[in-house]
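Pasting a structure here, questions to come.
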Amino acid sequence: MHPIQPRPISSSGSLTRVMRSSGVLAAVALTALAATSTATATATPAHSPAHGTGHPTSRIPFTEATVTADRSEPGTYTVAWSAPGVRRVAIRTDEGRTVASGGAHGRVTVRGLPAGADRQWFDLVPSRGGSLRLADRLIKLDGTVNFRDAGGYRTADGHWVTMGAVYRSDALDKLTAADLAKLRRLGIGTDIDLRMESERGKDPDRVPQGTSYVVADVLAGSGTFTSMPRTAAEAVAMMTEGEKFMVSGDSAKSAYTDVFSRIGAARGQRGVLFHCTAGKDRTGWANAALLTALGVPRATVMDDYLASNDYRAEADAAALAALPPEQAAVYKPLLDVRPEYLNSGFAEVEEKFGSFRTYEKRALGLDARELRELRRELLVG
């Protein structure tokens, strides 16, 4: 979604535009306003991750590893890692060319790689143990700001969530022809739309030809939100209540069950994408639930959730700049992701289900066999 250009507006239309950016309450806010104002790569294609099918591999010795693209210097990447007990780590590109190396712990900058590549993959190859294949998490598109890989994280027991299999995003209605071509090359096979009917009708998804489109409406029929917040405190309360609904609401449980079912059905053959409007609340809980089911530590899950603040910073700042200061203060909590929001979701899991494992079984339909299969498909090492 392109950043909203700031301009002074005092009509209810300005609130609609700001609320469209707010994530979990975007659709709900639009509905409330209507009452008053008539309202990368997949596991198999070229450039896909090694071991993308999740079959057993040699134990991966890396405890930390990231790839970060330099947005100001295309073709430049920072690769950082930690692999205790390993003497040497080689950094290789898709072509098998070694572009950097180091010891057990390292941080290197690699320059001069193709600036126009759809996605630059790196193999981190240790002197012993299994290699790790990573890319920058963000998928750079003209029509989105928060389209990113759901993987690339380490689990508590030392496995890694494969990249290039599951993606999360904000709205897809502004994808360009070039964006669609890129997603087709990256092998996006299923697009799961978590938005409400009003959002889908107003801003329908654009997806590559051959991509399956699936509606999994998290807030369908929800009467949880009936009015707009008048204070920042009310806005925070709306966000935490919204997070709770995403855990225990009937439509939410049905929608997220469908998400997990579609991910499982893909079996590493083509990429699965789920998204909402801002890619941070409905989408944020979907990815938090997925990573938790795969065994990723809660702190890492929180970091992934909060990363939307960074990816959406420019768009959110522009949206708030379009409002008078007193209104901006009220609506900023709706644009943010905050620890208390996600924590309220996990607290709801404990209160309503007793444990996350019970939530997986009763709310997401994941029995022990299906959970093992999911981990087999999406974890390496």
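So for the range 200-210 (the condition being at pLDDT 95 or above, more than 15 Å from G279 (Cα to Cα), in a strand (DSSP E or B) and in contact with a strand residue (DSSP E or B) (Cβ under 8 Å, 6 or more places away or on another chain)), does at least one residue qualify?
So far as the range 200-210 goes, no, none of its residues is at pLDDT 95 or above, more than 15 Å from G279 (Cα to Cα), in a strand (DSSP E or B) and in contact with a strand residue (DSSP E or B) (Cβ under 8 Å, 6 or more places away or on another chain).
Hey, could you check the range 135-160 for residues that are in a strand (DSSP E or B) and within 13 Å of the chain's Cα centre (by Cα) and say which is surrounded by the fewest Cβ atoms within 10 Å (Cβ to Cβ)? It would help to see each step written out before you state the result.
To start, the set of residues in the range 135-160 that are in a strand (DSSP E or B) comprises 135, 138, 148-149, 154, 160.
Those left that are additionally within 13 Å of the chain's Cα centre (by Cα): 138, 148-149.
Working: L138: 20, R148: 24, D149: 25.
Looking at the filtered set, the residue picked out is L138.
Could you count how many residues in the range 269-301 are in a helix (DSSP H, G or I), among the small types (G, A, S) and open to solvent by less than 10 Å² (accessible area, probe 1.4 Å)? Step through it out loud before you land on a result.
Restricting attention to the range 269-301, the residues satisfying the condition of being in a helix (DSSP H, G or I) are 282-294, 298-301.
Then keep just the ones that are among the small types (G, A, S); that gives 284, 286, 288-289, 293, 299.
Next cut, open to solvent by less than 10 Å² (accessible area, probe 1.4 Å) only: 284, 286, 288-289, 293.
Count: 5.
Could you check, for the range 274-294, whether at least one of its residues is more than 17 Å from M246 (Cβ to Cβ) and among the hydrophobic types (A, V, I, L, M, F, W, C)?
Our first condition is that a residue be more than 17 Å from M246 (Cβ to Cβ); within the range 274-294, this holds for 294.
Among the residues that remain, those that are also among the hydrophobic types (A, V, I, L, M, F, W, C) are: 294.
So far as the range 274-294 goes, yes, one or more of its residues are more than 17 Å from M246 (Cβ to Cβ) and among the hydrophobic types (A, V, I, L, M, F, W, C).
Continuing with the same structure: Restricting attention to the range 302-313, does a residue exist that is among the charged types (D, E, K, R) and either open to solvent by less than 60 Å² (accessible area, probe 1.4 Å) or at pLDDT below 95 (or both)?
To start, the set of residues in the range 302-313 that are among the charged types (D, E, K, R) comprises 303-304, 310, 312.
Right, trim to either open to solvent by less than 60 Å² (accessible area, probe 1.4 Å) or at pLDDT below 95 (or both) and you get 304, 312.
Yes, the range 302-313 contains a residue that is among the charged types (D, E, K, R) and either open to solvent by less than 60 Å² (accessible area, probe 1.4 Å) or at pLDDT below 95 (or both).
Also: Given the options V218, V214, name the one that is at pLDDT 95 or above, under 27 Å from V296 (Cβ atoms) and either out of contact with any strand residue (DSSP E or B) (no Cβ under 8 Å at 6 or more places or on another chain) or open to solvent by 30 Å² or more (accessible area, probe 1.4 Å) (or both).
Values: V214 fails: either out of contact with any strand residue (DSSP E or B) (no Cβ under 8 Å at 6 or more places or on another chain) or open to solvent by 30 Å² or more (accessible area, probe 1.4 Å) (or both).
Going through V218, V214 in turn, just one is at pLDDT 95 or above, under 27 Å from V296 (Cβ atoms) and either out of contact with any strand residue (DSSP E or B) (no Cβ under 8 Å at 6 or more places or on another chain) or open to solvent by 30 Å² or more (accessible area, probe 1.4 Å) (or both): V218.
Among the residues of the range 87-106, is there at least one that is under 24 Å from the mean Cα position of the chain (by Cα), surrounded by 18 or more Cβ atoms within 10 Å (Cβ to Cβ), within 25 Å of L294 (Cβ to Cβ) and of a type outside the set (S, T, Y)? Spell out the reasoning first.
Going residue by residue through the range 87-106, those that are under 24 Å from the mean Cα position of the chain (by Cα) are none.
No; the residues of the range 87-106 include none that is under 24 Å from the mean Cα position of the chain (by Cα), surrounded by 18 or more Cβ atoms within 10 Å (Cβ to Cβ), within 25 Å of L294 (Cβ to Cβ) and of a type outside the set (S, T, Y).
Look through L183, L113, L175 and report the one residue that is farther than 25 Å from A286 by Cβ, modelled with pLDDT of 95 or more and open to solvent by less than 50 Å² (accessible area, probe 1.4 Å). Break it down into steps so the answer makes sense when it comes.
Working: L183 fails: farther than 25 Å from A286 by Cβ; L175 fails: farther than 25 Å from A286 by Cβ.
The conditions single out L113.
Within the range 174-197, restricting attention to residues that are assigned to a loop (DSSP other than H, G, I, E, B) and basic (K, R), which residue is farthest from the chain's Cα centre (by Cα)? Write out each step before concluding.
Here is the first cut: in the range 174-197, the ones assigned to a loop (DSSP other than H, G, I, E, B) are 174-176, 187, 194-196.
With basic (K, R) added as a condition, the list becomes 174, 195.
Numbers: K174: 18, R195: 15 Å.
Once the filter is applied, the top-ranked residue is K174.
What are the pairs, 6+ residues apart or on separate chains, where a residue within the range 355-378 that is farther than 20 Å from G158 by Cβ has its Cβ under 6 Å from a residue that is open to solvent by 40 Å² or more (accessible area, probe 1.4 Å) and in a helix (DSSP H, G or I)?
Close Cβ pairs (under 6 Å, with a partner that is open to solvent by 40 Å² or more (accessible area, probe 1.4 Å) and in a helix (DSSP H, G or I)) amount to A363/K253; L364/T257; G365/T257.
While we're looking at this one, here's another question. Mind listing whichever residues of the range 326-381 are in contact with a strand residue (DSSP E or B) (Cβ under 9 Å, 6 or more places away or on another chain) and more than 25 Å from G279 (Cα to Cα)? Before the answer, list the steps.
Quick first cut of the range 326-381, residues in contact with a strand residue (DSSP E or B) (Cβ under 9 Å, 6 or more places away or on another chain) only: 378-381.
If the condition is that a residue be in contact with a strand residue (DSSP E or B) (Cβ under 9 Å, 6 or more places away or on another chain) and more than 25 Å from G279 (Cα to Cα), then V380, G381 are the ones that fit.
Could you check how many residues of the range 223-268 are assigned to a loop (DSSP other than H, G, I, E, B) and farther than 20 Å from L291 by Cβ?
Matching residues across the range 223-268 total 10.
Being more than 19 Å from R137 (Cα to Cα) and of a type in the set (A, V, I, L, M, F, W, C) is the filter; apply it to the range 264-279 and report the residue that is nearest to the chain's Cα centre (by Cα).
This residue is A266.
Restricting attention to the range 93-134, report how many residues are among the polar types (S, T, N, Q) and part of a strand (DSSP E or B).
Kept after step one, since they are among the polar types (S, T, N, Q), are these residues of the range 93-134: 93, 98, 101, 109, 120, 127, 131.
This time we only want the ones that are part of a strand (DSSP E or B), so: 98, 101, 109.
Result for the range 93-134: 3.
In contact with a Leu (Cβ under 9 Å, 6 or more places away or on another chain) and under 20 Å from T257 (Cβ atoms): is that true of R357 in this structure? Quick ask: steps written out before the conclusion?
Details: in contact with a Leu (Cβ under 9 Å, 6 or more places away or on another chain): yes; under 20 Å from T257 (Cβ atoms): yes.
In short, yes.
Another question, if that's okay. It is to be established whether one or more residues within the range 232-244 are open to solvent by less than 60 Å² (accessible area, probe 1.4 Å), over 21 Å from the mean Cα position of the chain (by Cα) and β-branched (V, I, T).
Yes; the residues of the range 232-244 include at least one that is open to solvent by less than 60 Å² (accessible area, probe 1.4 Å), over 21 Å from the mean Cα position of the chain (by Cα) and β-branched (V, I, T).
The values are calculated or read from the model by the stated rules, or taken from the named source; none is laboratory data. Remember, it's a predicted structure, so these values are computed and weren't measured experimentally. Every residue, glycine among them, receives a Cβ derived from its backbone with ideal geometry; neighbour counts consider all protein chains shown. Side chains included, ligands, DNA and RNA excluded: accessible areas come from the protein's heavy atoms. Shrake-Rupley method; radii C 1.70, N 1.55, O 1.52, S 1.80 Å.
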